[in-house]
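One structure is given below, encoded as structure tokens.
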Amino acid sequence: MNRPAIQHMKTLFRIEWTLFNRVKANYVFVVFVPLMILFSMRYVQEQMDLADHGLNPGPLMVSTAAGVLLIFSLYSSVTGLYVARREELVLKRLRTGEASDAVILAGGASMYVAVAVAQIVVVAVALSVMFGAVPRQPLAAAAGLVTGILLMMAMAAATAALCRTAESVMVATLPAIFVLPMISGIYIPREVLPEQVGDALLWAPLSPTVRPVPVGLDRRAGPRGVGAPDRDRGRVDGAVRVGRGPQVPLGAPYVNGSTC
């Protein structure tokens, strides 16, 4: 990205921040949503016995909170922003200048990206303290977050193209708001689902974001999610215990059908 493009994005960020700052009710939304997520995550953790499924609640709750914030704070807000600016002919006027379409879209959404990232960081730190989750691979978690941001911005642009007016944004974003968390492992962890269903849901849009976040916070996270190695080891131990014949200690030598 060249220097003029960066300057255009800074200018668009400053403009959107000024407009955002004029409505003080926006700060209520910025503060209320993370607090609501913290209380709800605590309630869910108390109601669901995640340890029975070999899940570490700390990383799992962080990934769930990140997915919810990406959808509500970024996707729905940016979709409404694009539609409103298009109705006001702001996007049309910006396209007559030097900025490219990608810079215009990214610059307009940059303020909401900053808000969403700040919310995710605050909630992740709070949940990590509440559940004792220690970052093991922060680059994996950061990569998942960046992937989710890019995906939400692309989905917002695609959804805005389908909306004729700003009033239709609420209806247009409902399918993603309700369906996307259900199939991406945000509301229901894939580890509690049948193996075939969980593997099929790996192709859901937000799965590349929800999956690396717990991996970055828990080194025990396996191919299917947090706690998979423990669960698989339990299956192996169970198979040894229910097998026929005498139980043989691991590592004992085998000679002529018997052990020494």
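The values are calculated or read from the model by the stated rules, or taken from the named source; none is laboratory data. Since the model is a prediction, treat every value here as computed from it, not as a measurement. Ideal geometry is used to build each Cβ from the backbone, glycine not excepted, and the neighbour counts take in all protein chains shown. Remember, those area values only see protein heavy atoms, side chains included, never the ligands or the DNA or RNA. Shrake-Rupley method; radii C 1.70, N 1.55, O 1.52, S 1.80 Å.
Among the residues of region 145-192, the ones that are under 25 Å from VAL103 (Cβ atoms) and within 13 Å of the chain's Cα centre (by Cα) come to 8 in all. Filtered by the rule that a residue be under 27 Å from the mean Cα position of the chain (by Cα) and in contact (Cβ under 8 Å) with a residue 60 or more places away in the chain, region 11-40 gives LEU12, PHE13, GLU16, TRP17, PHE20, VAL30, VAL33, PRO34, ILE37, LEU38.
Table: residues versus (1) among the polar types (S, T, N, Q); (2) surrounded by fewer than 22 Cβ atoms within 10 Å (Cβ to Cβ); (3) modelled with pLDDT under 90; (4) in contact with a Leu (Cβ under 7 Å, 6 or more places away or on another chain).
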site	(1), (2), (3), (4)
VAL83	no, no, no, no
ARG86	no, yes, no, no
LEU94	no, yes, yes, no
GLU98	no, yes, yes, no
ASP101	no, yes, yes, no
ALA116	no, no, no, yes
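Being surrounded by fewer than 20 Cβ atoms within 10 Å (Cβ to Cβ) and not aromatic (Phe, Trp, Tyr) is the requirement here; does LEU70 meet it? No; evaluated as a whole, the condition is false for this residue. The set of residues in region 191-212 that are assigned to a helix (DSSP H, G or I), open to solvent by 60 Å² or more (accessible area, probe 1.4 Å) and under 28 Å from VAL117 (Cα atoms) comprises TRP203, PRO208. Is it the case that ALA160 is farther than 21 Å from ILE37 by Cβ and in contact with a helix residue (DSSP H, G or I) (Cβ under 6 Å, 6 or more places away or on another chain)? Yes.
Filtering region 71-101 to residues that are closer than 30 Å to GLY185 by Cα and not hydroxyl-bearing (Ser, Thr, Tyr) leaves ILE71, PHE72, LEU74, VAL78, GLY80, LEU81, VAL83.
So which pairs qualify, if the first residue must be in region 119-144 and within 20 Å of LEU206 (Cβ to Cβ) and open to solvent by 30 Å² or more (accessible area, probe 1.4 Å), the second must be of a type in the set (Lys, Arg) and at pLDDT below 80, the Cβ gap must be under 9 Å, and the two must be at least 6 apart or on different chains? The qualifying pairs are GLN137/ARG219.
Sort out which residues of region 174-190 are touching a residue at least 40 places away in the same chain (Cβ under 8 Å) and assigned to a helix (DSSP H, G or I), and write them in order of number. Once the filter is applied, which keeps residues that are touching a residue at least 40 places away in the same chain (Cβ under 8 Å) and assigned to a helix (DSSP H, G or I), region 174-190 yields ALA176, ILE177, LEU180, PRO181.
Candidates THR147, THR173: the one that is modelled with pLDDT of 85 or more, in contact with a helix residue (DSSP H, G or I) (Cβ under 9 Å, 6 or more places away or on another chain), open to solvent by 20 Å² or more (accessible area, probe 1.4 Å) and not hydrophobic (A, V, I, L, M, F, W, C) is THR147.
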